[in-house]
Protein chains: 2
Amino acid sequence: MELKDLAPRLLSKERANGDIDPDVLTNVLRDGKAANDRRKQLVQVIARHPVLSDRDMMFRSHTERYAFGLKKAFHYVKLLEEGGYTDAHDRWILYKTMGEPLGIDVHRAMFIPTLENQGDDEQRAKWLPLAKQFKILGAYAQTELGHGSNVQGIETVATFDKATQEFIVDSPTLTSRKWWPGGLGKTATHAIVHARLTLDGQDVGVQAFIVQLRSTHDHMPLPGIEVGDIGPKVGFNAVDNGYCAFHRIRIPRKNMLMRHAKVLPDGTFVKPQSDKLVYLTMVHIRAYLIKTLAMHMGAAATICTRFSAARIQGRTPDLKGEFQVLDYQNQQHKLFPRLAISYAAHFAGSSLIELHDSAFDVIKEGKQRFGAKLAELHAVSSGLKAWLAEHVSDGIETCRRLCGGHGFTQASNLPHIFAEVVGAITYEGTSDVLTQQHGRYLLKTLASLPSNEKSTKFLSQVARYSDSKLRCNAETRQDFGNLDLLLEVFQVRAARVVLELAGHMNAANNDGNACMVLMTRASTSHAELILLEAFVQGVRSVPSGREQQSVAHLCSLFGAWLIAQSLGDFRQHDYLSTHQADLVREQIVHLLPVIRKNCVLLTDAWDFSDFELNSAIGRYDGDIYRALVKRAADEPLNKTQVPKDYEKYLKPLIQSSL
Amino acid sequence: MELKDLAPRLLSKERANGDIDPDVLTNVLRDGKAANDRRKQLVQVIARHPVLSDRDMMFRSHTERYAFGLKKAFHYVKLLEEGGYTDAHDRWILYKTMGEPLGIDVHRAMFIPTLENQGDDEQRAKWLPLAKQFKILGAYAQTELGHGSNVQGIETVATFDKATQEFIVDSPTLTSRKWWPGGLGKTATHAIVHARLTLDGQDVGVQAFIVQLRSTHDHMPLPGIEVGDIGPKVGFNAVDNGYCAFHRIRIPRKNMLMRHAKVLPDGTFVKPQSDKLVYLTMVHIRAYLIKTLAMHMGAAATICTRFSAARIQGRTPDLKGEFQVLDYQNQQHKLFPRLAISYAAHFAGSSLIELHDSAFDVIKEGKQRFGAKLAELHAVSSGLKAWLAEHVSDGIETCRRLCGGHGFTQASNLPHIFAEVVGAITYEGTSDVLTQQHGRYLLKTLASLPSNEKSTKFLSQVARYSDSKLRCNAETRQDFGNLDLLLEVFQVRAARVVLELAGHMNAANNDGNACMVLMTRASTSHAELILLEAFVQGVRSVPSGREQQSVAHLCSLFGAWLIAQSLGDFRQHDYLSTHQADLVREQIVHLLPVIRKNCVLLTDAWDFSDFELNSAIGRYDGDIYRALVKRAADEPLNKTQVPKDYEKYLKPLIQSSL
């Protein structure tokens, strides 16, 4: 049989060999059947749209992608209006399905929510309708050329002029220009600008202001505004990430966002009340980011699994046939843990959303100790975001490499997914900052023991696990398939790293930088524990049966694989013996064929359409070779047989008329 | 002081704080002063050339990059002719300095060398002058849509027609079309095509043929040739990686490359004699690839180190100042091991070239046992290539992430370096294939012990280290700074993993796939030992003094860091105790500030010009902020204040005339 026809059959065979019903798991991963049906309807709306279904971004430069992105933005807004899509979640799905963020990305994701959260009633009444009807387009201008993570270091200044009741916004230095904000370069008419506010010569800290950048009549930058695009990037190339310098421009007093801090007409500064809800908003954003990361990981794992099943390469020992790429132990050993990460991230994201919602209720009821609960939530979300942004990015890239040369082509879509995801390591809190926040929180909570002993599940165990003579009591490989035993292993490891950190911090007079590597290890240890806990809880939420067992195998692999990745940690104080370490490695190798049985179905459960995956090698039907040939035909170079400028540059070479 | 002026000063300060002379190390890294001076002259030739100095690839799509690449190729050839650059190494430097491979890449790197190595005298006389004068442009067409790593699986067929003394070359299936060869899509007029040869119905295996693809008059594809570009990729976007299908085209008998195998006019097949030199050629190619990887790692480490020194971010604990990014322990902990990898790879590449040259001499003299020596060289080069392609790619990406948002912009050039390097994991032997070859070699040599005991340095030690009761005798942190002790630690670990593999293979009836994960671990363990050996030897080749000490610190960090990365391996059988594991981690943290003292000078030693680095944030003078602003001005979107199609797509939104 020809390879092109064999490929689809091999993939079908994998499905036939499995024994689970992917729909059961789809309901778990996609928040129930109703939500998933709605999602699929919306995906179809995009897939059938003459413009929004565009999938040719791979052929375009940044400049061209931005230009086409404007067209998409226009049709997207038109679709929302004409289709009557008012539900925020529907809109989010429609937007995400387009497959690349656009110039209006920050307008919807940051500008409008910030107006909602930080504008006072008057401001909300004035600005929100304009923004929601796209009569103004907004950017969120915090980061500067010289400062990102350290918001307190930003240099843009706002000075209050009592006489005119205006703020003068100025960029006093080269490095004070805003740099990076999405949509700022060419799209936005307005921006929420963070600037250091001076009142009567008094610095009252960084505040947020609404600044008009461009005329709403002809889109020209207003006087005193210097604005442009910062150029091509790894990802987001349809977005005009921009720069902006303010040359003593004036805005009305009422353009400072005044829900929290205020400046009164006489120049009095009213300090903001402590607003715990800001933290809660961050937790909420991160929970959704984590669920998005889970989906991207699921998409990459789906593409890679299908390709590995459909692709044969390399002679079998009898020299008679060829292995499916999926047959190789190394392929399984690299791929399946990433499939497991997609499930782990999904469960962790869902669990974070639940915790957020219950914290929200507690806060609304004004109950005691919500501060501690919030601090925990915020810290955990920091650690999880840092861990997942890195491991999902690396996991997507691993999947790409596992597809060999075909993964290297844009036709696989894996390079695009990676490029759009990997920025998550940097934005919404750089990993180094987040792991330190998380580590500091763990230390702080540890210090408050035993008085606060029950504040968190994890730390209540610290005392129990701190005895360095404690040994893991696993005796067989199978013991490492016991999820409760695995959990205990991760609890012990996290407890000990945090205790070690506390000792080091003490010895270093609380100099965090001198213990930063260890603090990162503490954050990682705790994040992995939280992920495993969420995964185990997730397994138990799946209806019992083969599907549950199948997810349990993934969970089991996830745990064993994490142990093997950081074996030194787990062997500290010989908690795991050298023999137990061997058992863990045996367990990993043992689980690979077990998981392989259902691996295609476990990825099918993510229920991505071919349109969403946009991958010639990740098609549901396994018809990868025809798809690759078809995609290559779209390359603009193939429009002519002889390349442009042949006469100028190739002919003189070949005909030696140099 | 303004940040833009502070940045250059901070970088100068780092240089002033160091106490080594980078020129001493430049001589080591750049093969002596004379070679380096010549290299710098040649770099200047490109930097001053009106076309070849182009650095705007970041703004272009694949289609545009290919088009501009033709222009570059034309001017490059013109430069060679007009400048009289005939030396192969000079040409290589000129070519590499352009910063991206072009459509003629494979013509120079594969087509011409293959004619030289596999053409008989008559063929060489006919084809080489044409190729060297660019009257024909060649591709190397082995890989197909359906087959890459498994060359024996390729489907293109050649059938000998005795009557006409021709071969009929045909692509019988969709998947038999050639897929991926560089330059094949739009540039090449000819290709060396690998096809399965049939003589009188007898399959005699895969052979290489010269096939003309396009007319040398008008560049149109010849009848029966279907050819085009496969589309955009992660890297190599100035190259037209292509596809080609042959529809029963005919070529003369003399177009089969006949230096080794032959087909006589009567259709008799003359089998090739075993040609050990083919292996030697592969070793040679890999040695240079390893040195290229070293340079890319050096370039990325240089950019990241300079940026980290010039950039401040994050308040110091006294809240009075800000840390240089280089101050952070995490930054040092991630960056310095990658700087160390650049040195390790350089020394390993150089050592491989020396081994290659001495093997070449041995073979020429016809001495005994060159077979064993060659097998060792080939296996070691496989393992090193696999390890370094992966770790250098990941190292570059780590450096990019360490530069935060500024690393994410193409202006940093780190994304471009990554994209051009990461393909090395796949091409010239996919990692999975290479590590298996390497692992199999280790097993084979192990099996031949003790009779062949002295054949390799490493395996002669196996017996000594196989005693599982052996313990590392390090007692203090300082002991892990002893390079001989470090070497022994790596020897023990490699010996034990290989022995473990032998045991598992035995138990698995020699089923390699059932032991593939462990075999990969064996390859990694041995590759890391070889790297460390080359590094230690390299340290000893540096003139004694502070420079040597400084490189020794890097070597020491490299060893300790590798131990920490795979601590589980080193703790197997408790060879390292839990206390010793702590000492290794202490040693890493101890070395960071020691290396920091000279880190900028250690990267300066790579002696990259700003032109070569092409990075706004990696400038020698640290003037990063002005450079970023200047680079952004080049973005085509900034040519107009109002973006193209504003009237069509933005105005209707903003003015609600939807």
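The values are calculated or read from the model by the stated rules, or taken from the named source; none is laboratory data. Small disclaimer: the values here were computed from a predicted structure and weren't measured. For neighbour counting, all protein chains shown are included, and Cβ atoms are generated from backbone atoms with ideal geometry for every residue, glycine included.
Looking at segment A:222-235, can you tell me whether even one residue there is modelled with pLDDT under 95 and either among the acidic types (Asp, Glu) or out of contact with any strand residue (DSSP E or B) (no Cβ under 9 Å at 6 or more places or on another chain) (or both)?
Checking segment A:222-235: not a single residue is modelled with pLDDT under 95 and either among the acidic types (Asp, Glu) or out of contact with any strand residue (DSSP E or B) (no Cβ under 9 Å at 6 or more places or on another chain) (or both).
Please give the number of the condition A:Glu144 fails out of (1) more than 11 Å from every other protein chain (Cβ to nearest Cβ); (2) surrounded by 20 or more Cβ atoms within 10 Å (Cβ to Cβ); (3) touching a helix residue (DSSP H, G or I) at 6+ places or on another chain (Cβ under 6 Å).
Evaluating A:Glu144 over (1) more than 11 Å from every other protein chain (Cβ to nearest Cβ); (2) surrounded by 20 or more Cβ atoms within 10 Å (Cβ to Cβ); (3) touching a helix residue (DSSP H, G or I) at 6+ places or on another chain (Cβ under 6 Å) leaves (1) as the failure.
Quick one: count up the residues across segment B:214-224 that are buried (at least 18 other Cβ atoms within 10 Å of the Cβ) and more than 10 Å from chain A (Cβ to nearest Cβ).
0
Hey, does segment B:430-437 have a residue that's over 29 Å from B:Ala301 (Cα atoms), more than 14 Å from chain A (Cβ to nearest Cβ) and of a type outside the set (Asp, Glu)?
No.
Suppose we filter segment A:230-281 for residues that are assigned to a loop (DSSP other than H, G, I, E, B) and within 14 Å of chain B (Cβ to nearest Cβ); how many remain?
11
Kindly indicate whether A:Leu443 is within 30 Å of A:Gly618 (Cα to Cα) and either at pLDDT 90 or above or not aromatic (Phe, Trp, Tyr) (or both). Even if it seems obvious, please write down each step before you answer.
Working: within 30 Å of A:Gly618 (Cα to Cα): no; either at pLDDT 90 or above or not aromatic (Phe, Trp, Tyr) (or both): yes.
The answer is no for A:Leu443.
Mind telling me which of the residues A:Arg311, A:Arg306, A:Arg338, A:Arg315 ends up being touching a strand residue (DSSP E or B) at 6+ places or on another chain (Cβ under 9 Å), modelled with pLDDT of 95 or more and not hydroxyl-bearing (Ser, Thr, Tyr)? Give the derivation first.
Values: A:Arg306 fails: touching a strand residue (DSSP E or B) at 6+ places or on another chain (Cβ under 9 Å); A:Arg338 fails: touching a strand residue (DSSP E or B) at 6+ places or on another chain (Cβ under 9 Å); A:Arg315 fails: modelled with pLDDT of 95 or more.
That would be A:Arg311, the only listed residue that is touching a strand residue (DSSP E or B) at 6+ places or on another chain (Cβ under 9 Å), modelled with pLDDT of 95 or more and not hydroxyl-bearing (Ser, Thr, Tyr).
Based on this model, can you work out whether A:Leu70 counts as aliphatic (A, V, I, L, M) and within 14 Å of chain B (Cβ to nearest Cβ)?
Yes; evaluated as a whole, the condition is true for this residue.
Which pairs turn up if I take residues in segment B:131-142 that are among the polar types (S, T, N, Q) and look for partners that are not in a loop (DSSP other than H, G, I, E, B) with beta carbon separation below 8 Å, at least 6 apart in sequence or on another chain?
Here the result reads B:Gln142/B:Val151; B:Gln142/B:Lys178; B:Gln142/B:His194, each pair linking segment B:131-142 to a residue that is not in a loop (DSSP other than H, G, I, E, B).
Residues B:Arg546, B:Arg631: which one is farther than 26 Å from B:Gly18 by Cα, touching a residue at least 24 places away in the same chain (Cβ under 8 Å) and out of contact with any Pro (no Cβ under 8 Å at 6 or more places or on another chain)?
Only one candidate qualifies: B:Arg631.
Tell me, yes or no, whether segment A:343-354 has at least one residue that is more than 14 Å from chain B (Cβ to nearest Cβ), surrounded by fewer than 21 Cβ atoms within 10 Å (Cβ to Cβ) and out of contact with any helix residue (DSSP H, G or I) (no Cβ under 6 Å at 6 or more places or on another chain). Give the derivation first.
First, the residues of segment A:343-354 that are more than 14 Å from chain B (Cβ to nearest Cβ): A:343-354.
From what's left, surrounded by fewer than 21 Cβ atoms within 10 Å (Cβ to Cβ): A:353-354.
From what's left, out of contact with any helix residue (DSSP H, G or I) (no Cβ under 6 Å at 6 or more places or on another chain): A:354.
Checked segment A:343-354: at least one residue is more than 14 Å from chain B (Cβ to nearest Cβ), surrounded by fewer than 21 Cβ atoms within 10 Å (Cβ to Cβ) and out of contact with any helix residue (DSSP H, G or I) (no Cβ under 6 Å at 6 or more places or on another chain).
Of the residues B:Ala47, B:Ala88, only one is farther than 16 Å from B:Val239 by Cβ and modelled with pLDDT under 95; which? Write out each step before concluding.
Values: B:Ala47 fails: modelled with pLDDT under 95.
Only one candidate passes the filter, namely B:Ala88.
Does B:Lys4 satisfy the criteria of being in a helix (DSSP H, G or I), over 30 Å from A:Gly153 (Cβ atoms), within 10 Å of chain A (Cβ to nearest Cβ) and not small (Gly, Ala, Ser)?
In short, no.
Which one is nearest to A:Lys135 (Cα to Cα), of the residues in segment A:174-196 that are part of a loop (DSSP other than H, G, I, E, B) and out of contact with any Lys or Arg (no Cβ under 8 Å at 6 or more places or on another chain)?
My answer is A:Thr187.
Of (1) surrounded by fewer than 14 Cβ atoms within 10 Å (Cβ to Cβ); (2) farther than 30 Å from A:Gln548 by Cα; (3) more than 23 Å from the chain's Cα centre (by Cα), A:Ala88 satisfies all except one. Which?
(3)
Could you check segment A:198-225 and list, in sequence order, the residues that are within 30 Å of B:Pro652 (Cα to Cα) and part of a strand (DSSP E or B)?
If the condition is that a residue be within 30 Å of B:Pro652 (Cα to Cα) and part of a strand (DSSP E or B), then A:Ala208, A:Phe209, A:Ile210, A:Val211, A:Gln212, A:Arg214, A:Pro221, A:Ile225 are the ones that fit.
Scanning segment B:308-329 for residues that are outside any loop (DSSP other than H, G, I, E, B) and of a type in the set (A, V, I, L, M, F, W, C), which turns out farthest from the other protein chains (Cβ to nearest Cβ)?
By that ranking, first place goes to B:Ala309.
Looking at B:Arg496, B:Arg540, which is the one that is within 27 Å of the chain's Cα centre (by Cα), surrounded by fewer than 24 Cβ atoms within 10 Å (Cβ to Cβ) and assigned to a helix (DSSP H, G or I)?
Working: B:Arg496 fails: within 27 Å of the chain's Cα centre (by Cα).
When all the criteria are applied, what remains is B:Arg540.
Within the set of pairs 6+ apart or on separate chains, which have a first residue in segment A:403-425 that is within 7 Å of another protein chain (Cβ to nearest Cβ) and among the small types (Gly, Ala, Ser), a second that is surrounded by fewer than 24 Cβ atoms within 10 Å (Cβ to Cβ) and in a helix (DSSP H, G or I), and C-beta atoms under 6 Å apart?
A:Ala411/A:Arg631
From B:His75, B:His49, B:His62, which residue is away from chain A (no Cβ under 14 Å) and closer than 25 Å to B:Pro636 by Cα?
None of the others qualify; the one that does is B:His49.
In this structure, is B:Ser381 surrounded by 20 or more Cβ atoms within 10 Å (Cβ to Cβ) and in a helix (DSSP H, G or I)? Write out each step before concluding.
On the way: surrounded by 20 or more Cβ atoms within 10 Å (Cβ to Cβ): yes; in a helix (DSSP H, G or I): yes.
For B:Ser381, the condition - surrounded by 20 or more Cβ atoms within 10 Å (Cβ to Cβ) and in a helix (DSSP H, G or I) - is met.
Determine whether segment A:180-202 contains at least one residue that is at pLDDT below 95 and of a type in the set (D, E, K, R).
The answer is yes, given that some residue of segment A:180-202 is at pLDDT below 95 and of a type in the set (D, E, K, R).
Which of (1) in contact (Cβ under 8 Å) with a residue 40 or more places away in the chain; (2) in contact with a strand residue (DSSP E or B) (Cβ under 7 Å, 6 or more places away or on another chain); (3) not acidic (Asp, Glu) is the odd one out, the single condition A:Thr187 does not satisfy?
(2)
Restricting segment B:567-592 to residues that are under 32 Å from the mean Cα position of the chain (by Cα) and free of Cβ contacts under 8 Å to residues at least 40 places away in the same chain, which is surrounded by the most Cβ atoms within 10 Å (Cβ to Cβ)?
If we take residues in segment B:567-592 being under 32 Å from the mean Cα position of the chain (by Cα) and free of Cβ contacts under 8 Å to residues at least 40 places away in the same chain, then B:Arg571 is surrounded by the most Cβ atoms within 10 Å (Cβ to Cβ).
Please specify each residue of segment B:364-378 satisfying the condition of being at pLDDT below 80 and either within 20 Å of B:Asp432 (Cβ to Cβ) or surrounded by fewer than 17 Cβ atoms within 10 Å (Cβ to Cβ) (or both).
The answer is B:Lys364, B:Glu365, B:Gly366, B:Lys367, B:Gln368, B:Arg369, B:Gly371, B:Ala372.
Among the listed residues B:Thr164, B:Thr156, B:Thr175, identify the single one that is touching a helix residue (DSSP H, G or I) at 6+ places or on another chain (Cβ under 6 Å) and more than 7 Å from chain A (Cβ to nearest Cβ).
B:Thr156
Determine, yes or no, whether A:Asp394 is more than 15 Å from the chain's Cα centre (by Cα), free of Cβ contacts under 8 Å to residues at least 40 places away in the same chain and in a helix (DSSP H, G or I).
Considered against the rule, which asks whether it is more than 15 Å from the chain's Cα centre (by Cα), free of Cβ contacts under 8 Å to residues at least 40 places away in the same chain and in a helix (DSSP H, G or I), A:Asp394 comes out as no.
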